[in-house]
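Novice: My questions will all concern the structure given below.
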Amino acid sequence: MVFQPRSHRQGQAWLWLLVLLALVVGAVWLFAIQRRWWFPPLASEQGAHIDRLFLIILSLTGATFVLGQLALALLIFLFGRKGAESAHHLRERAGWGTLWPILIGFGLIGALEVSDVVIGHELWKQLYGPPPEDVFVVEVTAQQFAWNVRYPGRDGKFGRTNLRFVSDGNPLGIDPEDSAARDDVVLLNEIHLPLHRPVVVRVRSKDVIHSFFIPAFRLKQDAVPGMQTQIWFIPKRAGEFEIACAELCGLGHYRMRGMLTVEGEESLRAWLEQQVPFGETIW
């Protein structure tokens with residue numbers, strides 16, 4: 001085996017050190033100074049807690065990774081090969097050398113779990129606990145490959161649904177004999193919500209498991225066949241936001257894209273008045 005001169009190897013080491021240093025400086029500049037994040041600008045009040053939980057977990061795992069790599073680099077620097085000599089092998093032995101990695105691992109897991117419980121418990125209550133009064137309720141039913149959105153209409157009540165009424169013109173199976181169903185408003189891939197008002201979204205699925213995902217709100221809720229789930233939140237920024245399916249649901253999964261519009265109460269009421277009640281489209 002041909003060994004390179006020590007000066008050559010030291011030059012390569014310093015070169016790689018400069019490259020890694022440039023990467024670290026670039027990452028710090030991008031995420032710490034520029035404050036850029038992977039998600040789009042936050043648009044819900046509950047999303048701030050999710051961002052904080054992401055940041056805590058990233059900080060703990062990132063710090064552990066950096067410290068581990070620094071320790072590895074220090075060991076290589078102190079005990080690395082100085083020339084062409086053979087490596088000195090140590091016999092494996094139990095004791096502190098085996099115990100300290102286990103303690104560090106359990107310490108990291110414990111810190112992550114504590115952060116999840118302390119922050120996640122409060123977040124869970126905000127998303128899945130009892131919503132405040134005067135909430136705006138909307139129903140979202142997923143199917144391959146679209147989002148069926150239903151509003152309760154002027155009476156504030158959703159009409160009954162039954163599978164035997166499902167058809168191309170009545171995808172949700174609304175009961176035509178139910179008077180509460182006649183003023184329901186049903187749309188495809190389009191949701192309008194009020195600004196600064198609690199919103200409850202009831203999520204269902206007609207076929208397979210989907211996942212109702214609004215990246216700007218940091219919200220994701222599975223849509224499970226035969227089960228109704230719900231999540232509540234408060235939109236805090238007006239505008240249009242993308243709705244996506246975060247669960248691989250078939251070959252047309254990429255087509256499950258909708259738009260969510262957040263606007264003032266008056267604009268929302270005016271928009272709802274312009275919509276044709278679903279009863280007028282099938283009866």
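The values are calculated or read from the model by the stated rules, or taken from the named source; none is laboratory data. Since this is a predicted model, take the numbers as computed values, not measurements. When we count neighbours, we look across all protein chains shown, and the Cβ atoms used for this are built from the backbone with ideal geometry, even at glycine.
Novice: With (1) under 28 Å from Arg160 (Cβ atoms); (2) in contact with a strand residue (DSSP E or B) (Cβ under 6 Å, 6 or more places away or on another chain) as the list, and Leu195 as the residue in question, which single condition is left unmet?
Specialist: (1)
Novice: Which number in (1) in contact (Cβ under 8 Å) with a residue 60 or more places away in the chain; (2) in a strand (DSSP E or B); (3) buried (at least 20 other Cβ atoms within 10 Å of the Cβ) marks the one condition that Val200 misses?
Specialist: (3) is the only condition that Val200 fails.
Novice: Quick test of your reading of the structure: Gly173 fulfils all but one of (1) in contact with a strand residue (DSSP E or B) (Cβ under 7 Å, 6 or more places away or on another chain); (2) closer than 27 Å to Glu45 by Cβ. Name the failing condition by number.
Specialist: Every condition holds for Gly173 apart from (2).
Novice: I'd like to verify a number: residues in segment 141-159 that are part of a loop (DSSP other than H, G, I, E, B) and either under 20 Å from Leu251 (Cβ atoms) or under 21 Å from the mean Cα position of the chain (by Cα) (or both), how many? Quick ask: steps written out before the conclusion?
Specialist: Looking only at segment 141-159, we keep the residues that are part of a loop (DSSP other than H, G, I, E, B), and these are 144-145, 152-159.
From the residues that got through so far, the ones that are either under 20 Å from Leu251 (Cβ atoms) or under 21 Å from the mean Cα position of the chain (by Cα) (or both) too are 144-145.
Of the residues in segment 141-159, 2 are part of a loop (DSSP other than H, G, I, E, B) and either under 20 Å from Leu251 (Cβ atoms) or under 21 Å from the mean Cα position of the chain (by Cα) (or both).
Novice: Name the residues in segment 31-59 that are at pLDDT below 80 and either over 24 Å from Lys125 (Cα atoms) or assigned to a strand (DSSP E or B) (or both), would you?
Specialist: Scanning segment 31-59 gives Phe31, Ala32, Ile33, Gln34, Arg35, Arg36, Trp37, Trp38.
Novice: Of all residues being surrounded by 15 or more Cβ atoms within 10 Å (Cβ to Cβ) and not hydrophobic (A, V, I, L, M, F, W, C) in segment 203-220, which is nearest to His253 (Cα to Cα)? Just the residue, please.
Specialist: The qualifying residue nearest to His253 (Cα to Cα) is His210.
Novice: OK, next. Name the residue that is surrounded by the most Cβ atoms within 10 Å (Cβ to Cβ), counting only residues in segment 226-279 that are within 18 Å of the chain's Cα centre (by Cα) and assigned to a helix (DSSP H, G or I).
Specialist: His253
Novice: Can you spot a residue in segment 9-25 that is at pLDDT 80 or above and in contact with a Pro (Cβ under 8 Å, 6 or more places away or on another chain)?
Specialist: no
Novice: OK, next. Only residues that are among the small types (Gly, Ala, Ser) and touching a residue at least 12 places away in the same chain (Cβ under 8 Å): list them for segment 161-178, please.
Specialist: Once the filter is applied, which keeps residues that are among the small types (Gly, Ala, Ser) and touching a residue at least 12 places away in the same chain (Cβ under 8 Å), segment 161-178 yields Gly169, Gly173.
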